[in-house]
Amino acid sequence: MQLHQAQALAARLVMVDLPGTELDPDSLALLQRYPSLRAVCLFRKNLAGFEGTRALCRALQQRVSAPALIAIDQEGGAVSRATFVPVAPSAMALGAVDDLALTEQIGAAVARGLRGMGINWNFAPVLDVNNNPANPVIGERSFSERPEDVARLAGAWMRGSLGEGVACCVKHFPGHGDTHEDSHHALPQVDKSLAELEALELIPFRRLASQAPALMTAHIVYPQLDPELPATLSPFFLTELLRQRIGFQGVVITDALMMQAIKARWGHARSAVLALQAGADMVLAQGSVDEQCAAIEAIAQALMQGQLSQVAAERSAARIDALALRFPVREQAYAASAQRADQTLMDTACARALTALRGAQAPQGPLRVITQRAVLSDGVSEAGLDAEQVMALWPQRADIEWRVVDDLQALRAEDIPRDGRCNVLVSNHRARFGAAASSWPIDLHLALWNPFQSLDLNVPTVLSWGYDAPMRAALRAWLAGDLQAQGRAPVEALGA
């Protein structure tokens, strides 16, 4: 195989990202250097409103020689890159409603918004099972603690998206629900046998294997099954288990190789080769232009030296071609009437999802509201609500003394007076509080992001499963006494 042939094949197996909202000179040079490169993942940094994003997608389509694959993480809830189209409730909010028809409609509405911008691949839905309340990165992104319910609801969501012509990508295989670490920052381990995975984590993946057009891997080590390599780089997981035993025939793409779980140990370029050797079809090699070039060149060298099978690489390229042809970029008008209807759908779903625990009722009389000043993005989810947005949840007539702190986790019981005011804690960040919170004199807890924070304070609690605009509207209605919270937690421990 000649170098230019190897580079052309390698570029077909790589997804890159861009630094900004337009095609900058370095990105244009990258596309010119590798004409067969046609897969791009968009993040919040790339989105300049509906029209700006559509213009970027048009520019990408014009610059690539093959049908483009333009991807995004638009799961709903906190993992929604585009907030200028109707944003779906989080998966766990939909689990709290448990309405398959509604969930399918939500998946379709999300797809309409993406399709209108020229995006044809959504890295959703999440198939991780919500079986670990200490999980720092999944939480409300999972539909349920019951794998059968995850499969039912995710399957409905996916039917809606596929019906509107936008590809889905189920994730994170073989399951990210039972981790205690975030693979963006560390390399998690889950010490389970294959039998244990089959009894829980793998059930949704098996159920939806024939329906999902694509699947994303997890950067997790399962030491009983592969003591050295995370699933993303493991031939056992990607070839023996996923392809041979489960029979998955769709596109397998890695989670981002820039995440520290991978990059810090195997490096950007080497991990790209290892992932393809393991059985992945495409690597998400976002990073600097130099890093993206290094990944492509490493794959090309592996092809030339016989370290990576040309037959296998061409088979992967054919799967990716088939995905792009099945779900072509179809920029269709997203009429104002359709946007209004989809927004109403999201509003309705969020109102139905709002969940009250332990007899929580809208507070009356003088209040003291405690919340965090600002919540930055953690690199996975978007930034949480700041204190000013929290203040906008209450009716203007409310008698409120505000306690805005820099870090809710540093709060102490002695910082909270007991003077007749109703003490309301608004948890606008993700992290759990731990045992210290059990002594806080809180009368009402509003958990806006991580529902498992409700396990840290045994007090009346409202779970909003997220903080997107329609969920904030539902919470405002509840605080004003105009809405009953009727959702039911899809995790048994939260129902107490």
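What follows draws every value from the coordinates through simple rules; no lab data is involved. Computed from a predicted model, the values in this text were never measured in an experiment. Positions of Cβ are backbone-derived with ideal geometry, glycine not excepted, and every protein chain shown enters the neighbour counts.
On a per residue basis, the convex hull of the C-alpha atoms belonging to the chain measures out at 133 Å³. For the chain, the 222 nm mean residue ellipticity estimated from helices alone, with every DSSP H stretch of n ≥ 4 adding -39500 (n - 2.57) and the total spread over all residues, rounds to -11000 deg cm²/dmol. Label point of Glu196 set 7 angstrom out along Cα-Cβ; within the stretch 227-249, amide nitrogens under 18 Å from it belong to 227-231, 237.
A DSSP coil position with no more than 16 other Cβ atoms inside 10 Å describes the following trypsin sites (Lys or Arg not before Pro) in the stretch 381-449: Arg397, Arg412, Arg418. A Förster distance of 45 Å, applied to the separation of the beta-carbon atoms of Glu314 and Glu388, puts the FRET efficiency at 0.25. With distances taken between every two different alpha-carbon atoms, the stretch 103-248 has a Kirkwood hydrodynamic radius of 15.4 Å. Around the amide H of Glu401, modelled in the peptide plane, lie the amide H atoms of Leu367, Arg368, Val369, all under 5 Å away and 5 or more residues distant in sequence or on another chain. Across the stretch 3-326, Cα pairs under 8 Å and at least six residues apart give a relative contact order of 18 percent. Relative to the current alpha-carbon distance between Ser65 and Arg33, full extension at 0.36 nm per residue lengthens the span by 10.3 nm.
Each of Leu215, Leu13 has some number of other Cβ atoms within 10 Å of its Cβ, and from fewest to most they run Leu215, Leu13. Each of Thr254, Thr232, Thr348 was scored by other Cβ atoms within 10 Å of its Cβ. Listed from fewest to most, they are Thr348, Thr254, Thr232. Each listed q (0.09, 0.12, 0.19 Å⁻¹) maps to a log10 I(q)/I(0) for the stretch 314-424, found by the Debye formula over equal Cα scatterers with no solvent: -0.50, -0.73, -1.22. Distance between Cα centroids, the stretch 451-496 to the stretch 36-114: provide it in whole Å. Comparing the Cα centres of the stretch 451-496 and the stretch 36-114, I get a distance of 26 Å. Scaled to the globular estimate 2.2 N^0.38 Å, the Cα spread of the stretch 347-495, given as radius of gyration, is 0.96. Rounded to the nearest 10 degrees, the inclination of helix 147-163 to the longest alpha-carbon principal axis of the chain is 70 degrees. So what's the net charge close to Ser27: Lys and Arg +1, Asp and Glu -1, counting the other residues with Cβ under 14 Å from its Cβ? Result for the neighbourhood of Ser27: -2.
Report the net charge of residues surrounding Ala300, where surrounding means a beta-carbon distance below 13 angstrom and charges are Lys +1, Arg +1, Asp -1, Glu -1.
+1
When a footprinting reagent is the concern and you count Cβ atoms within 10 Å, what order do Asp443, Asp342 take, fewest first?
By the 10 Å Cβ count, ascending: Asp443, Asp342.
Approximating the spin labels as points 7 Å out from Cα along Cα→Cβ, the Leu325-to-Thr344 distance works out to 4.1 nm.
A straight chain from Arg265 to Gln305 at 0.36 nm per residue would run longer than the Cα-Cα distance by 12.1 nm.
Kindly identify the stretch 11-166 as rounded, prolate or oblate by the Cα gyration tensor criterion: order the square roots of the eigenvalues as a ≥ b ≥ c, call it rounded if a/c is under 1.5, otherwise compare a/b with b/c, prolate if a/b is larger, else oblate. Note, shape of the stretch 11-166 comes out prolate.
Fully extending the segment from Arg206 to Thr21, taken as 0.36 nm per residue of separation minus the present Cα-Cα distance, adds 62.8 nm. Each Lys or Arg adds one and each Asp or Glu subtracts one; over the other residues with Cβ under 11 Å from the Cβ of Lys171, this totals -3.
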